[in-house]
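Shown next, in structure tokens, is the structure this report addresses.
The values are calculated or read from the model by the stated rules, or taken from the named source; none is laboratory data. A quick note: this is a predicted structure, and the numbers were derived from the prediction, not measured. With ideal geometry, Cβ positions are generated from the backbone for all residues, glycine too; neighbour counts draw on all protein chains shown. Ligands, DNA and RNA are stripped out before the accessible areas are found, and what is left, the full protein with its side chains, is counted by its heavy atoms. Shrake-Rupley method; radii C 1.70, N 1.55, O 1.52, S 1.80 Å.
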Amino acid sequence: MTVTPPTVAAETPQRATRRFRTTKGRETWAGLAMMAPAGILLVLFLIIPVILAFTLSFTNARLISPNPPRFVGLDNFVRAFTADGVFVQSVWNTFLFALVVVPVQAGLGLLLAVLVNRRMRGVTAFRVIFFIPVVTSIVVVSILWRFLYQPNGLINSMIDTITFGAWSGMDWLNNPQTALGAIIVLSIWQAVGFHMIIWLAGLQTIPAELYEAAKMDGAGPWRQFVSVTWPGLRPTMVFVLVTITIAALGLFVQIDVMTQGGPVNSTSTIVYYAVRKGYEQQEIGYAAAISLIFFVAVLIIALIQRRLTREKD
Amino acid sequence: MRRTVPAFVAAGAIGALALTGCGQAGQGSTTTEDGRTQITMWTHSAGNPAELEVYERIISDFNASQDQYEVVEESFPQGAYNDAIVAAAASGDLPCLLDLDGPIMPNWAWAEYIQPLGISTEITDSLLPTAVGVWNDEIYSAGYWDAALSIFARESVLTENGIRIPTVDEPWTADEFNAALQTLKDAGYETPIDIGAEDTGEWWPYAYSPLLQSFGGDLIDRDTMLSADGALNGPEAVAWGEWFQGLFADGLASNSGTIGNQEFVDDEVALSYTGVWNALASVEAIGDDLVILPPPDLGNGPVIGGGSWQWAISSTCEEVEGAREYLEFSFQDEYITEFADKQIVIPATEGAAETSEYFGPDGVLRPFVELSQQFAVLRPETPAYAVISTTFETAAKDIMNGADVQETLDRAVQEIDANIESNDGYGF
């Protein structure tokens with residue numbers, strides 16, 4: 001490394017200062033240079049698109065059109081909330097999805113993490129089993145589950161067998177009552193392993209001495225969990241909650257592959273609807289407005305979560 | 001450590017350059033080693049070896065016959081093709097020659113992606129009318145083939161159940177068709193007809209808007225092309241919607257299963273509403289017992305969708321002469337026959353049909369040629385079709401799933417009309 005020995009600095013203070021300055025200048029330069037690749041990518045793929053979306057949302061721009069876009073003020077936003085039932089339904093579906101997925105997925109993840117955090121035979125196998133859906137492409141998972149959910153698919157045959165033929169299931173994805181529920185189940189199953197791993201990492205940061213002390217004080221497993229594990233997991237909990245919420249609000253692939261927003265818009269989500277409007281129906285301006293609404297909504301929710309989960313002291 | 005800093009910078013700069021440089025690939029007209037001008041050509045046929053094989057033959061024949069031009073082909077998977085074109089158009093990188101699905105043509109012509117085709121009228125006049133794409137009285141695209149839908153059945157099954165075998169001159173009436181479905185259901189078929197409702201995308205308007213038209217409705221008022229009001233939500237359209245809903249509610253058709261014709265081949269369904277591209281497999285599996293029937297006359301005569309993939313020249317093409325020369329060269333009967341027989345699609349010229357193994361006068365798939373000539377109706381030739389198509393798909397799926405028919409169709413009309421209005425009528 002380039003650290004100057006202090007003895008040299010003491011002998012020639014002036015030179016050392018100059019040298020320090022240039023080193024610092026160099027470090028700044030080097031720092032900027034190292035930041036450059038990420039910085040350029042961020043500007044190119046994040047900041048510019050956001051600015052573009054913001055601008056486009058106040059126009060009637062189209063994906064394909066010989067007509068130049070026209071400034072239309074707040075028309076797109078007014079249309080979304082007052083004249084577009086599908087958009088309102090998509091907002092509702094998205095929040096309903098998040099409302100169910102966030103607590104259930106986080107809770108299940110924690111439960112699994114506690115279970116696989118033990119010292120027992122074959123625990124690695126269990127960890128792998130729970131983690132496999134996470135590393136499988138969500139497109140593949142969705143296609144697979146679409147087969148499972150078919151009227152004559154595996155899930156219905158299973159129900160049929162378990163109930164001895166009393167109830168032979170239903171067409172899960174083509175019934176407005178069950179389609180969103182079916183997608184919720186699949187989504188929880190797919191990502192729960194990821195959150196299990198995060199929880200597991202959190203669990204392993206808790207010092208074993210605390211458990212020993214708790215045991216010596218006569219605490220049972222539940223008492224240990226409440227008084228040692230849960231307080232120790234607080235930072236992990238914040239992280240898990242925020243990531244699940246953002247991921248849940250961005251629900252898209254499952255919808256695109258499995259139901260295309262149907263039946264009767266019961267599974268349309270904000271992101272899916274924005275893509276559909278902007279790309280399939282080429283109304284880029286309107287889709288940009290929807291994306292902007294989505295962006296603001298996610299921002300607000302993330303801020304509220306930050307506030308609710310901040311360290312009180 | 002100090003030394004590595006410039007390396008980092010260089011790596012970063014190269015990375016950024018490479019990223020911005022991606023957009024430039026494949027542009028312009030380049031020259032080959034022997035001084036010929038290259039003409040770029042994009043097709044959607046990656047993943048379709050039969051189609052690609054014919055293109056490769058045409059291209060190598062053309063290139064061999066030329067000392068001025070050389071055609072260079074690049075193929076994309078169908079699912080990503082339209083996106084690639086739109087992206088290329090946005091960045092000014094369109095190839096000279098490109099193929100497109102018939103109904104999207106007016107949209108691209110209106111958006112000035114493509115220019116009037118300008119090839120010899122002798123060629124375009126000889127093609128099936130549905131294989132020529134016209135917008136604003138100009139020919140913008142032309143294709144080597146068309147596709148057609150029909151109803152497949154087993155002759156033995158129909159005869160056993162006392163169902164009349166319909167002909168092109170005397171198709172099933174709506175009552176006859178509904179009665180036939182009921183009879184077949186009673187005969188033990190769980191869902192007697194496979195209409196392919198498990199498929200998604202363009203299949204929906206392609207397959208089901210003809211049924212709507214047979215009822216007397218339509219996707220849009222074709223006289224003005226400015227509104228769907230009355231056409232898509234009038235009494236005829238509602239009658240269609242209720243009938244369509246009934247197919248599923250009464251268990252006559254299923255909305256799940258496999259895409260394609262497998263259920264029919266396995267005799268799980270008695271009838272199959274499907275396309276010519278599935279025909280050969282059924283012929284091979286079922287043989288002489290297979291009958292290819294016209295779709296039913298639901299009030300206004302049988303209707304099938306027309307218009308398949310066609311060729312166009314981009315508006316930014318610098319070698320228009322060469323591109324036209326290639327297209328004119330490619331429209332030889334010999335090649336069209338090869339497309340037809342390899343891909344199982346209806347040849348666009350009479351001459352090609354005559355020498356075709358399957359579509360010739362004695363060919364097993366000859367009925368499709370007649371169906372296409374007699375009943376084919378193009379999807380509305382308007383730039384609004386992209387919106388009409390997806391809106392219709394959503395509405396029809398909602399109806400299939402039990403939504404109120406009138407309400408659903410009214411909402412679809414509203415969506416289509418709002419879109420047309422926000423585009424100042426798309427030039428109509």
**Message:** Charges on Cβ only, +1 for Lys and Arg, -1 for Asp and Glu, centred on the Cα centroid of the stretch B:244-394; of B:GLY257, B:GLN245, B:SER272, which one is farthest towards the dipole's positive end?
**Reply:** B:GLN245
**Prompt:** Where does each of B:386-396, B:267-277 land if you order them by average Cβ count within 10 Å, highest first?
**Reply:** B:386-396, B:267-277
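Using the Kirkwood radius built from alpha carbon pairs, what does the Stokes-Einstein equation give as D for the protein assembly as shown at 25 °C and 0.890 mPa s, in µm² per second?
Values: Rh = 30.0 Å.
Rounded to a whole number, D works out at 82 µm²/s.
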**Charge dipole of chain B about the Cα centre (unit charges at C-beta), most positive-ward option of B:GLY299, B:THR337, B:ILE420** = B:ILE420
**Request:** Using a 10 angstrom cutoff on alpha carbons, build the Gaussian network for chain A and name the most mobile of A:SER266, A:SER137, A:SER291.
**Result:** A:SER137
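Mean Kyte-Doolittle of at least -1.0 plus a Cα span of 24 Å or more along the axis: flag which DSSP H helices in chain B meet both, please. Could you put the intermediate results ahead of the total?
On the way: long enough: B:4-21 (25 Å, 1.66); B:405-422 (26 Å, -0.51).
Flagged H segments are B:4-21, B:405-422.
Compute, for chain A, the length of the dipole vector about the Cα centre, with Cβ point charges of +1 (Lys, Arg) and -1 (Asp, Glu) only. Units Debye, rounded to 20.
Values: 23 positive and 14 negative charges, 224 e Å.
Value, rounded to 20: 1080 debye.
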**Message:** At 7 Å along Cα-to-Cβ for each site, give me the label-to-label distance between A:TRP29 and A:LEU42 in nm.
**Reply:** 2.3
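With a 1.4 Å probe and all protein chains kept in place, how do A:PHE294, B:PHE62 rank by accessible area, largest first?
Numbers: A:PHE294 45, B:PHE62 0 Å².
Listed by decreasing accessible area, they come as A:PHE294, B:PHE62.
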**Message:** Can you compute the equivalent ellipsoid semi-axes for the stretch A:197-268, i.e. the square root of 5 times each eigenvalue of the Cα gyration tensor, sorted largest first and rounded to whole Å?
**Reply:** 41, 12, 9
**Message:** Can you give me the C-alpha center-to-center distance between the stretch A:71-115 and the stretch B:177-246, rounded to a whole angstrom?
**Reply:** 34
**Asked** Which helices, taking whole DSSP H runs in chain A, have alpha carbons extending 20 angstrom or more along the helix axis plus mean Kyte-Doolittle at least 1.0?
**Response** A:85-116, A:179-203, A:234-249, A:284-308
**Request:** In nm, give the distance between the simple-model label positions of A:VAL104 and B:THR37, each being 7 Å from the Cα along the Cα-to-Cβ direction.
**Result:** 6.3
**Request:** Could you please state how large a percent of the accessible area of chain A is carbon and sulfur, counting protein chains only and using a 1.4 Å probe?
**Result:** 70
**Accessible-area value, A:LEU99, 1.4 Å probe, nucleic acids and ligands omitted, Å²** = 130
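Please work out the average accessible area per residue across the stretch A:22-118, using the 1.4 Å probe convention, and give it in Å².
Values: 5740 Å² over 97 residues.
In whole numbers, the stretch A:22-118 has 59 Å² accessible per residue.
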**Item:** Rounded to the nearest 10 Å², the accessible area of B:ASP218 at probe 1.4 Å
**Value:** 30
**Asked** Can you list the aspartates and glutamates whose alpha carbon is less than 13 Å from that of B:LYS397, not counting same-chain residues fewer than 8 positions off?
**Response** B:GLU198, B:ASP199, B:GLU202, B:GLU242
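Could you calculate the FRET efficiency of B:ASP250 with A:VAL139 from 1/(1 + (r/R0)^6), where r is the beta carbon distance between them and R0 is 45 Å, rounded to 0.05? Display every interim value, and only then the final one.
Values: r = 35 Å, r/R0 = 0.77.
Approximately 0.85, to the nearest 0.05.
Students sometimes get this wrong: rank B:ILE416, A:ILE301 by accessible area, probe 1.4 Å, all chains present, largest first. Working shown, then result.
On the way: B:ILE416 0, A:ILE301 45 Å².
Sorted by accessible area, descending: A:ILE301, B:ILE416.
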**Asked** For B:SER65 and B:GLU370, what is the calculated FRET efficiency with R₀ set at 35 Å and r taken between the beta-carbons, to the nearest 0.05?
**Response** 0.50
**Request:** Please tell me the relative contact order of the stretch B:342-428 in percent, rounded to the nearest whole number, where contacts are Cα pairs under 8 Å and at least six residues apart.
**Result:** 18
**Message:** To the nearest 20 Debye, how big is the dipole of chain B about its Cα centre, given +1 on the beta carbon of each Lys and Arg and -1 on that of each Asp and Glu?
**Reply:** 1380
**Asked** Per residue Cα convex hull volume for the stretch B:52-151, in cubic angstrom?
**Response** 149
**Request:** For the stretch B:148-164, just list the computed ³J(HN,Hα) in residue order, Karplus coefficients 6.51, -1.76 and 1.60, θ = phi - 60°, integers in Hz, with x standing in for Gly and Pro.
**Result:** 8, 9, 7, 10, 8, 8, 9, 4, 4, 5, 5, 5, 4, 9, x, 9, 5
**Message:** Can you return the aspartates and glutamates within cross-link range of B:LYS342? Criterion is Cα-Cα under 16 Å, with same-chain partners fewer than 8 residues away left out.
**Reply:** B:GLU51, B:GLU53, B:GLU56, B:ASP146, B:GLU284, B:ASP333, B:GLU334, B:GLU354, B:GLU357
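In what order, largest first, do A:LEU46, A:LEU110, A:LEU41 sit by accessible area if the probe radius is 1.4 Å? Working shown, then result.
Numbers: A:LEU46 95, A:LEU110 20, A:LEU41 75 Å².
I get A:LEU46, A:LEU41, A:LEU110, largest accessible area first.
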**Fill in**
Probe 1.4 Å, all chains present, heavy atoms only: A:THR136 accessible area in Å², nearest 10, is 50
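Using helices alone, what [θ] at 222 nm do you get for chain B, with -39,500 (n - 2.57) per DSSP H run of 4 or more residues, divided over all residues and rounded to the nearest 500?
Working: 17 runs with 190 residues, N = 428.
Roughly -13500 deg cm²/dmol at 222 nm, from the helical runs in chain B.
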**Inter-chain Cβ neighbour average for residues A:33-41, partner chain, 10 Å** = 5
